[in-house]
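**Student:** I'd like to ask you about the structure that follows.
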Amino acid sequence: MKQRNFIVNVTGLRIKKCCASCAYKVLEGREVVTRRCTKTGEEVEGCKLCRRWKLRKPLVTAGRFAGRVKRKEYLMFLLNVRLKEQEDVKAGKEVVEKTIEEVQIEFERKYGRIYLK
């Protein structure tokens with residue numbers, strides 16, 4: 001049976017030790033099948049673990065604060081923005097992908113808060 005490595009963070013949350021939780025990973029593009037390691041420069045599958053693994057900073061305190069729930073309208077708005085970007089790419093248009101922050105600002109300007117109360 002395959003043994004999985006886990007670590008428990010400061011809040012008691014169990015986190016799998018793998019490329020996806022590593023501080024040295026870099027996501028490239030919208031594909032999340034492979035990642036690039038900033039230490040080795042190699043492409044790595046998300047579920048793999050190497051000896052250079054280090055817990056990502058946001059995961060150190062994950063679970064400490066009560067989360068907030070995003071409105072369904074915001075999630076659908078974000079989805080539509082991304083689908084439009086993909087359509088434009090397929091149509092041969094040059095596209096500059098909006099950042100999450102830009103999409104949130106646009107949504108809040110038009111419709112109010114992105115979070116449920």
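The values are calculated or read from the model by the stated rules, or taken from the named source; none is laboratory data. Since this is a predicted model, take the numbers as computed values, not measurements. The accessibility values were calculated without ligands, DNA or RNA, using every heavy atom of the protein model including side chains. Shrake-Rupley method; radii C 1.70, N 1.55, O 1.52, S 1.80 Å.
**Student:** Hey, what did the stretch 41-117 get for relative contact order, percent, Cα under 8 Å, at least 6 apart?
**Tutor:** Answer for the stretch 41-117 is 37 percent.
**Student:** Please report, for the Cα atoms of the stretch 32-89, the Rg to one decimal and the Dmax as a whole number; what are they, in angstrom?
**Tutor:** Rg, Dmax (Cα atoms, Å): 16.9, 42.
**Student:** Here are labelled values, [x] 21, 20, 16; [y] 31, 23, 11; [z] 26, 14, 12, and one is the computed semi-axes √(5λ) of the Cα gyration tensor in Å for what I pasted. Which one?
**Tutor:** Checking each listed value against the structure points to [y].
**Student:** Using a 1.4 Å probe over the heavy atoms of the protein chains, calculate the carbon and sulfur portion of the accessible area of the chain as a whole percent.
**Tutor:** Accessible surface attributable to carbon and sulfur in the chain totals 53 percent.
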